[in-house]
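Please read the structure below before turning to the comments.
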């Protein structure tokens, strides 16, 4: 299992209202905008996501970690006894993901693109 990228998820009331800062001032592009979650990316693939409220999960995550094998990592998390906040799910926007809580309570969105 390999980590492909790690993206911080910032909770904001209105992701669209943040666009002038991220795209205007910092010059980032917006490869994904689903209304409730907006991803801004710099040319060298530095990313930040702004989330108003996760559309399908019971809690918002603080960070997203993309991996190459989400199924095996899910099995490892369950076997290790970590709290699964959101079960392994195929989401309509093309990712397979689950949320897991770290020992200190941070909710992590673990995903792979399908």
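The values are calculated or read from the model by the stated rules, or taken from the named source; none is laboratory data. Please read all numbers here as calculations on a predicted model, not as lab measurements. Cβ: placed from backbone, ideal geometry, glycine included. Neighbour counts: every protein chain shown.
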Original post:
Residue check: is residue 5 modelled with pLDDT under 95, surrounded by fewer than 17 Cβ atoms within 10 Å (Cβ to Cβ) and in a strand (DSSP E or B)?
Top reply: yes
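Condition check ((1) assigned to a loop (DSSP other than H, G, I, E, B); (2) modelled with pLDDT under 95; (3) surrounded by 13 or more Cβ atoms within 10 Å (Cβ to Cβ)) across all residues:
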{"position": "58", "(1), (2), (3)": "yes, yes, no"}
{"position": "66", "(1), (2), (3)": "no, no, yes"}
{"position": "75", "(1), (2), (3)": "no, no, no"}
{"position": "82", "(1), (2), (3)": "yes, no, yes"}
Subject >> Unmet requirement for residue 90, which otherwise passes all of (1) under 21 Å from residue 51 (Cβ atoms); (2) crowded, with 16+ Cβ neighbours inside 10 Å >> reply: (2)
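For (1) more than 20 Å from residue 5 (Cβ to Cβ); (2) touching a residue at least 12 places away in the same chain (Cβ under 8 Å); (3) touching a helix residue (DSSP H, G or I) at 6+ places or on another chain (Cβ under 7 Å), each residue gets a yes or a no:
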position: 80; (1), (2), (3): yes, no, no
position: 84; (1), (2), (3): yes, yes, yes
position: 87; (1), (2), (3): yes, no, no
position: 94; (1), (2), (3): no, yes, no
position: 98; (1), (2), (3): no, yes, yes
position: 107; (1), (2), (3): no, yes, no
position: 111; (1), (2), (3): no, yes, yes
**OP:** Kindly indicate whether any position in segment 50-60 is touching a helix residue (DSSP H, G or I) at 6+ places or on another chain (Cβ under 6 Å) and without any contact (Cβ under 8 Å) to a residue 60 or more places away in the chain.
**Re:** yes
Subject >> Those residues of segment 17-49 which are surrounded by 13 or more Cβ atoms within 10 Å (Cβ to Cβ), without any contact (Cβ under 8 Å) to a residue 24 or more places away in the chain and assigned to a helix (DSSP H, G or I), in sequence order >> reply: 19, 23
